[in-house]
1. With each label point set 7 Å from Cα along the Cα-Cβ vector, what nm distance links S350 and D43?
2. Sequence gap at least 6, Cα distance under 8 Å: using those rules, report the relative contact order of the range 208-254 to the nearest whole percent.
3. At 25 °C and 0.890 mPa s, grab the translational diffusion coefficient of the range 210-280 from Stokes-Einstein with a Kirkwood Rh over Cα pairs, rounded to a whole number in µm² per second.
4. Express in nm, to one decimal, how much length is gained between N367 and Q388 on full extension, taking 0.36 nm for each residue of separation and deducting their alpha carbon distance.
5. Sorting K370, K341 by accessible area (1.4 Å probe), largest first, what list results?
6. Which length gain, in nm to one decimal place, applies between T219 and K318 when the Cα-Cα distance is subtracted from 0.36 nm times their residue separation?
7. Mind ranking R231, R384 by accessible surface for me, highest first, 1.4 Å probe?
8. Cα centroids of the range 281-343 and the range 35-73: how far apart, whole angstrom?
Amino acid sequence: MHKLRSLSIAKVAKVFSRLSTRLKNTAGRPSAPLGSRILTNPDDIFKHNMWDHVQWSEEDKENAQQKAQENSCVQIPLNEQGKFDTEAYLYWDKFYEMHRDKFFKDRKWLFLEFPELLPSDTKNQATTRCHGDQQVEILLPSESNMDSETRHHQHSGTTHYHRHAPDCQKARQGASLEKNEDATQTSTFPGQHASFRILEVGCGVGNSVFPIVNSIKGTDAFLYCCDFSPRAIQVVKDHPDYDDSVCHAFVHDICEEMASFPFPPQSLDVILAVFVLSSIHPERMQGVVGRLSTYLKHGGIFLFRDYGRYDFSQLRFKKGRCLSENFYTRGDGTCVYFFTKEEVHDLFSSAGLEEIQNLEDRRLQVNRGKKVAMHRVWMQSKYRKSYQPPPS
């Protein structure tokens, strides 16, 4: 049991002795986003809670595959699976009834990982870094809180790259042309006068909402946020920082095909989905991404962060919690799927979006009190709607 929960200190030392000889493989990886804290000396492992860009050995991969096969060999009977899909909102509503805003921490790391969330004229706490062959101006948060990203249904994060390359000039021009190119606005809607609009789907109790809201005040930006849990949305609206002049929170089930949004198609600059799609039945995901994408402006960005295949949280499931391949239900009835890079790419490209970034974020999370280390795997992706609609 203990082996399934953590890496032994001896094995950690072995893994990172091997890692120190592979640092050249990470030379092409950006220092931001996804961090740059690399463990080169295994004696330092318990100095920090998280280490970045961890390389897995073939043995690590084989062990992970074996554990996933073991915990998925017994699946929940088909006649019992339906409730986890049709009653998903009830399970999440009960979750928020129990935990309210005490379970997750605010994602103050959002603007480091997703600078696309901020309008281009926002320049608070900015610093310029080299990102490949482009200069990227990244808005730094006042406090990093990466270690809070350890459990399920943590919704949304985003930010805005200030690029100085020809492609980025095209992006700015496209955004300018789009300002007045929204779908016909015969009726008013919240945020209609904003020039930069963000939608966070699956916002939960606002752990991404309020870092964003507090950053866009005083700009010409507007945030929409939705969740299918009425209790979660009420918690958001009751928050002292909730401000309906820059934010509109509403109950919405993104799996419902006929449900409408309070804004027209092609009106959003950014859509944010963080630890949201993994909670949806795999057969529904493509429809969800396709419908959401119709609300992006041409040149708009879809930001995604979620669980990766063989993350520690997948490997610790017990037998009998598996619904289908790489899709599980927790003890509280909420569900989680674990993605690969290829699946993420197919999901967004099939919706007509172009890849900007599609990374497998492998880290080592350390419990310094218990002296254990866990392999974490997250997907982080950015996909753009083409600047011009495809020819008919």
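The values are calculated or read from the model by the stated rules, or taken from the named source; none is laboratory data. Owing to the predicted nature of the structure, the values given are computational and were not obtained by experimental measurement. Heads up, the Cβs are rebuilt from the backbone with ideal geometry, glycines too, and the neighbour counts pull from every protein chain shown. Side chains included, ligands, DNA and RNA excluded: accessible areas come from the protein's heavy atoms. Shrake-Rupley method; radii C 1.70, N 1.55, O 1.52, S 1.80 Å.
1. Placing both labels 7 Å beyond Cα along the Cβ direction yields 5.1 nm.
2. 47 percent.
3. Rounded to a whole number, D works out at 183 µm²/s.
4. On the way: separation 21, 0.36 × 21 = 7.56 nm, distance 4.82 nm.
Fully extending the segment from N367 to Q388 adds 2.7 nm.
5. K370, K341
6. Values: separation 99, 0.36 × 99 = 35.64 nm, distance 4.80 nm.
This chain segment gains 30.8 nm when fully extended.
7. R231, R384
8. 21
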